[in-house]
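Accompanying notes for the structure given below.
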Amino acid sequence: MSPPPRDRLRELFAKVDAFFANASARHGARMACRTGCSDCCRRRFSVTLIEADALREALAALPEADRAALAARARAGDPGVCPALDGEGRCAVYAARPLICRTHGLPIRFAPPGGRALPVIDACPKNFVGEDLQAIEASSVLDQTTLSTVLAALDMAHADAAGRPRGERVAIAAVLAGEG
């Protein structure tokens, strides 16, 4: 019997975190990602149902005052900033952050829209400045298609087990506000 989807999501998060740590150790100063750098948090994202449920679980473990502060930022905060971001540029739900947040900064291979072009590699513009991203060794490049496929499979299994529609997206702000 296979582990439940939420356990497998935790395993996926751990693998992506280890990949990020290895890439960061390998590339050192070439990657600007550090505590307090929050450029990638300057927008609002939606996440899969399984990730939203992981966020809800993490929120439930926070003190009431912290949950209330997050809900207030989600409802009335800057609409161009993730409401999980605190005043010092730190994520209030860092341990439960979704996959999109865990991968920001890494060199990522993805297929451009339309499906007729070869995959490209992109990364945060603060990382690998002045370098040809195509020249970064493959072991430091995360494949977005593979990652998205695995996440989608886990989300479908989670949705099926919960009796929810497959492919449902939930705004992080809605989760933090207690609405999603």
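The values are calculated or read from the model by the stated rules, or taken from the named source; none is laboratory data. Here the structure is a predicted model, which means the values were calculated and not measured. Here Cβ is always computed from backbone atoms with ideal geometry, including for glycine, and neighbour counts include all displayed protein chains. Heavy atoms of the whole protein, side chains included, go into the accessibility calculation; ligands, DNA and RNA do not. Shrake-Rupley method; radii C 1.70, N 1.55, O 1.52, S 1.80 Å.
Evaluate the following for PRO125: is it modelled with pLDDT under 90 and either surrounded by fewer than 20 Cβ atoms within 10 Å (Cβ to Cβ) or touching a helix residue (DSSP H, G or I) at 6+ places or on another chain (Cβ under 9 Å) (or both)? No; evaluated as a whole, the condition is false for this residue.
Every condition in (1) under 20 Å from LEU142 (Cβ atoms); (2) among the small types (Gly, Ala, Ser); (3) open to solvent by 30 Å² or more (accessible area, probe 1.4 Å) holds for ALA60 except the one numbered (1). The set of residues in the range 1-20 that are closer than 12 Å to LEU147 by Cα and of a type in the set (Ser, Thr, Tyr) is empty. Among the residues making up the range 149-180, those that are outside any loop (DSSP other than H, G, I, E, B), surrounded by 15 or more Cβ atoms within 10 Å (Cβ to Cβ) and small (Gly, Ala, Ser) are ALA157, ALA159, ALA171, ALA173, ALA174.
Can you tell me how many residues within the range 96-145 are of a type in the set (Gly, Ala, Ser), assigned to a loop (DSSP other than H, G, I, E, B) and out of contact with any Gly (no Cβ under 9 Å at 6 or more places or on another chain)?
Step one: of the range 96-145, the residues of a type in the set (Gly, Ala, Ser) are 96, 105, 111, 114-115, 117, 123, 130, 135, 138-140.
Then drop every residue that is not assigned to a loop (DSSP other than H, G, I, E, B), which leaves 105, 111, 114-115, 117, 123, 130.
Filter once more, keeping what is out of contact with any Gly (no Cβ under 9 Å at 6 or more places or on another chain): 105, 111, 114-115, 117, 130.
The qualifying residues number 6.
Taking ASP78 as the residue in question, decide whether it is over 24 Å from VAL129 (Cα atoms), without any contact (Cβ under 8 Å) to a residue 24 or more places away in the chain and open to solvent by 80 Å² or more (accessible area, probe 1.4 Å). It is true that ASP78 is over 24 Å from VAL129 (Cα atoms), without any contact (Cβ under 8 Å) to a residue 24 or more places away in the chain and open to solvent by 80 Å² or more (accessible area, probe 1.4 Å).
Select from the range 81-109 the residues that are at pLDDT 90 or above and either over 19 Å from the mean Cα position of the chain (by Cα) or within 16 Å of THR146 (Cβ to Cβ) (or both) and list them in ascending order. If the condition is that a residue be at pLDDT 90 or above and either over 19 Å from the mean Cα position of the chain (by Cα) or within 16 Å of THR146 (Cβ to Cβ) (or both), then LEU99, ILE100, ARG102, THR103, LEU106, PRO107, ILE108, ARG109 are the ones that fit. As a summary of the residue check, CYS33 satisfies the conditions (1) within 17 Å of ALA177 (Cβ to Cβ); (2) modelled with pLDDT under 90 except for the one numbered (1).
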